[in-house]
Structures are given as C-alpha cells and as structure tokens.
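Undergrad: Take this structure first; my questions come after.
The values are calculated or read from the model by the stated rules, or taken from the named source; none is laboratory data. Predicted model, so just to flag it, every value in this text is computed and none were measured. Because the Cβ atoms are built from the backbone with ideal geometry, glycine has one as well, and the counts that use them run over all protein chains shown. These accessible areas exclude ligands, DNA and RNA; they are computed on the full protein's heavy atoms, side chains included. Shrake-Rupley method; radii C 1.70, N 1.55, O 1.52, S 1.80 Å.
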Amino acid sequence: MKRNKQINIKGALALASTFHFLYSCARACILPFLTLYLRYLGLTPSMTGLLMSTKHLISLVWSPLASFLSKHYNKRRAVITGSLVCSAGAALVLLLIPSTGVETLTSHCNISHLSVSSTEELSDYVRVGSVMPTTHTTILSQSATHESSPTETTSYTMSSAVSMSKATTYTLQLQHSNNVTSQWSQVNVSVANHSIGGERNGLESHHGASNTSPTVRRVSRSAEKEKQREKDEARLEFLGNLKVMDVQHQLFFMLLIVVSIWELMAAPLEWTVDDGLYEYLDFVDASDRYSSTGVWGLLGAVCGVSGAGLLVGHLDCLIGSHTPRGAVHFYSYVSVTTLAVPVVAFLPLYLNKKRSRSTGLFKALQLVRGDLRALLCAATTFLMGLAGSAVDDFLLWQMQDHGSSELHMGLSLAVALLSRAAFPLLSGRVSKLLSPGRVLLVGTACLALQCLYYSFLWCPWAAIPVQVLSCFSSGALWWAVQVQCGDVATPGTERSVRRVYQALSLDLGAGLGSMAGGFVVHRFGVSVLFRGVAVMLLLWCLFLPLLQWKAPRQRRINYSRLLAADTSEVSESESEQETDWLEKVMEDDEQ
C-alpha cells in the first residue's frame, strides 16, 4: 500500500464545488416555488404551513441520524446516490396528485390564448377562499363569447381584491377539474360502501351463527349479542363518516405522506456529503479550503432559481391549458439531479473513524449552553429562522397576488442570493467597523425592514430592490454566527457548534415559523404576517443590545493566532516579543 501517493487537492475541490453547484441548482429549481404549487393544488395557508413545518422537522431529526448511520456502516457513497435518485422519484409522484379544481393564472398570460373547448363550462360560483384566502376576494361571474364563433361560449371568474385596486390575478374553473372532483367523490363513496357492505355481511353472518346456538345458551348470551351489535353499529358509523371528509382534506393527507417520503429521501444527502468531503480535506491538511465550496452552492442556487423562473415564464402560455406551471419546476429538479448523480462516483470521500459526530454534537450543545453570548446568538438565529420561513413560504404568494409572474419571482430570489454571496467581499471592512454582536443586530434589523417592505408591495417587480438587504440579513448574519462559533468552540468542535446553530435556524426555527405563519395567513392574511414578523424582529433589536451588555464576555486564547503572530512578527527581545504577540491576540479577540 502506497502512503506517499500524491493527492490532487485542486481536483478534489473542483469535484466538490461541481457537486454543490448542481445540487444547489436542483433544489433552487423547485423548493422556492413549492408553496406556489401547493396553492395551485388547492391547499389553504394553514395546510401549507403544516406541510412545510413537517418537512423541516423531519430534516431536523433525520439528517444527523442518517449521517451517523451512513458513517457507522461505511455507506456514504451509496446513501448519497440513493438519496439523489429516490428524492427525484418522490418529487415526480407529486405530479400524479390531482388538484381540487381551481387554477390560478397571472395577468402576464393572455386568457384568450388558452384553448378552451365548448364542452368546458365554468361554474358560476367558485370558492376561491380555499386557494387564495389571503386576497379577501369577491367573485364576479362573467361570460364572454368569441367573435369568430358565436356558438362557442366560455366563461371565467375574476377575483378582484378589495384592498388592492391593481390586483390582476385571474381564476379559472375548468370542467376537467370538476371531473377530478367527482372522481375523488366516487372513489371515496365506493370504498366506504364496500367497507360498509363488508361489515354488514359480517354482521349478518354473525347473527346467523348466533341463531344456531343452543336454546340453553340463548338467554345467557343475549347480553353479549347486544354489546356486539352496538360495537358493529359504531364501526359502521365511523366508516360511513369517512366519505364526509371533503376533497381538500383528502388532498392534504395524501400530500403530507408524499412530501414526508420525499424529505426522508433527500434529508441525508447534505450532511453526508459535507462530512465525507470535510474529512477527506482534513486528512490531506486542506480543511481550511472547504469553505470555498459554499460559494459555488450559492451560485448554483442563483442559476437554478433564475433559470426555472425564466423557463416557466416563457412556457406559461404554451402549457397553461394542458399542464400546470409547477410541473416545469419538478422536471427541472429531476433533470439537474440526474446530472449530479455521475459526479457522486468521483467524489473524494474519506471515513475518519476517530471522529464521533454524535458526541461532537452533544459537546457542542454543552458549549453553547455554557456561554450566555452564545445563547443570545442561538436565540437570534432561531428568530431569524422563524422569520425566514415566513418569507420563504409566503413571499411568492404575496407577489402572485400583485400580478408577479415566475420570471419576477425568480429574479427577485436570484438578487437575494447574489447579495448574500457578495458579503465575503465586504466582510473585511465590516469586521473593522462592527463587532460580531453588532453585526447580529444589523442583520436582524435588515430582515425586519425587508418583511415590513414586503407587506406594502404594489406592483409585480416591487420586491426586487429590497432584496439587496439580504447581503446583511443573511450573509452578515451567518458570518457573525461563524465568528461566534470560533469563540465558543474548542479544538475539533467548530463544525459541530456551527451545525447546532444551523439546526436551530434552518430546521427548528423554520419548522415552527412555517406552522405559525400558515395559521396567521389563514386568519389575517399575508400582509399581516409580514408586519407581525417585522414587529417581532424590531422588538428583539431593542432587547438584544441590553442583553449583550449584561452578558459577561469570556475571552478564549486562540492558539492558532498566537502561533501565527509569533512567527510573523519578530521583536528585538524576548520580553518585547511576548508582549507583542499577547497584545495582538487580545486586540483580535476584542474585534
């Protein structure tokens, strides 16, 4: 076995960056637009919030567990490949689920371009509240006749927002969706009747068997037969009530199952890839260069979200009458995921059996709990995750209500991601002007201003300019969290502490935020949700400086900085040298 084999670190970083680019691009093609597709299917905001909350909470529990199991059994490459393939297949299953019958088309696509046959009559009254409850719409039934063929008539319903004079969202109720609804009802009735018939047959056979009992036991068993009859009648009543559940709730439970399976397939991938690549670079003493792969992930997300929005925006009028717009996002996700599968075979993965991820996470939790400033940083990331989930889940709903197309949405999200990716260029100047605690305060205030701005959108492109603040509300925030991790962590626990903060924000905070946000939107509307989130963040901005001032500052000596200062600066005498590097380290810790 050759131990001195030359290792191509640049090639390993190039493969890692390529995989992160493709995987982030695939996720960005579908995840930002997933709530729009759920809205198209007919879910209410509360159902959408519960669905997204379940997705985040599954990731919170399953990601570290799957990463630990894949390392324990040395099956990282198989887990990564299986996760990519199975998650793509689970995503396609969502396209097989029919909608409840209401489709939304934004004003950028002319309705007259859609081919509607004469047999597709539209209902006079459509309950838009189940699909668009946040616009407080009123239904105006109108009918239109083509000038070229007077015998061919169509009708459509237009939802006009009471509080928005320029809302341009149209609603179409097509005949084929009514057929889908009737099919749902027929299937439910047939299943319930079949179950009821089976129970009745069993009840009759039971009664027949009871009639054959001897006369001597007939009196003693009469009470048992009466109890059995009551139980059977209760079961029959329960089975009969199954068909009372409306189509919307049946759709919700079916989507909940499919989305849960999808997340179970996709959740192990990110942690498993991250652990394998980092341990490989750590083995070749190049772990400090692994952070460069994160920038390629952001660039891949920019390409995915903008490309999917551009593609759907141009194909909308061509496929609108036959295929839902959301299907293009799913097909894009599957296509890019397929491109990432061959890269897995060449990923440089290394198994370091000396590292224990489970004990590292527990130790990281103890470190965060033992430092008051670290706890304040954890509380801030939790609130940012809670607010960020509200933005991620319902910002596109707000934009759609104001006439935005997928093109506007894709450009808006791309600007936010580019702003976040540009923060490392400013981090040097920001670190000289502001301490990490102040950067947390600035990032929270910027997100509060963004949410407040989102509640007052007035046109399709209005959300694009404010996305520049994502440079501080997202990029600066995670830079401050990374600095806090370095101050709290002991040697070898830096990544585990960072994982704790990410789990609090991206999974736990986002899960609770999606659930609460869905109920708020269902009850009050999207604008009220954004204003409430802004008020919550502004209040935290008032209390955070006071709590940071009360918290004692624990200074840790960073021995890597000591060594770097000792070798780079040489003084005239040993006493002056010790004083120089000690003062330099203390100054670096104060920044």
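Okay, residues lined up against (1) within 20 Å of Met52 (Cα to Cα); (2) touching a Gly at 6+ places or on another chain (Cβ under 9 Å):
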| site | (1), (2) |
| --- | --- |
| Ile257 | yes, no |
| Val273 | no, no |
| Asp282 | no, no |
| Asp285 | no, no |
| Asp288 | no, no |
| Ser292 | no, no |
| Val305 | yes, yes |
| Leu310 | no, yes |
| Leu315 | no, no |
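Undergrad: Also, I was wondering about something else. Quick one: in region 487-507, which of the residues that are among the β-branched types (Val, Ile, Thr) and not in a helix (DSSP H, G or I) is most open to solvent (accessible area, probe 1.4 Å)?
TA: Thr490
Undergrad: Going through region 283-307 one residue at a time, which ones are of a type in the set (S, T, N, Q), surrounded by 15 or more Cβ atoms within 10 Å (Cβ to Cβ) and in contact (Cβ under 8 Å) with a residue 24 or more places away in the chain?
TA: Thr293, Ser306
Undergrad: Those residues that are farther than 19 Å from Leu538 by Cα and surrounded by 22 or more Cβ atoms within 10 Å (Cβ to Cβ), I need them from region 452-474; list them, please.
TA: Within region 452-474, Leu457, Pro460, Ala463 meet the criteria.
Undergrad: Moving on to the next point. Considering only region 24-121, give the helices (runs of 4 or more DSSP H) lying wholly within it that have at least 3 residues that are more than 22 Å from Leu251 (Cβ to Cβ), open to solvent by 10 Å² or more (accessible area, probe 1.4 Å) and modelled with pLDDT under 95.
TA: 45-72, 76-93
Undergrad: Can you tell me which residues in region 547-572 are assigned to a helix (DSSP H, G or I) and either modelled with pLDDT of 90 or more or in contact with a helix residue (DSSP H, G or I) (Cβ under 7 Å, 6 or more places away or on another chain) (or both)?
TA: Answer for region 547-572, where residues must be assigned to a helix (DSSP H, G or I) and either modelled with pLDDT of 90 or more or in contact with a helix residue (DSSP H, G or I) (Cβ under 7 Å, 6 or more places away or on another chain) (or both): Leu547, Gln548, Arg561, Leu562, Ala565, Asp566.
Undergrad: Yes or no: region 346-359 includes at least one residue that is in a helix (DSSP H, G or I) and either among the acidic types (Asp, Glu) or modelled with pLDDT of 85 or more (or both).
TA: no
Undergrad: Of everything in region 308-326 that's surrounded by fewer than 17 Cβ atoms within 10 Å (Cβ to Cβ) and assigned to a helix (DSSP H, G or I), which residue is modelled with the highest pLDDT?
TA: Only one residue tops the list, namely Leu310.
Undergrad: Is it the case that some residue within region 451-463 is modelled with pLDDT of 90 or more, among the polar types (S, T, N, Q) and under 24 Å from Gly300 (Cβ atoms)?
TA: Taking every residue of region 451-463 in turn, none turns out to be modelled with pLDDT of 90 or more, among the polar types (S, T, N, Q) and under 24 Å from Gly300 (Cβ atoms).
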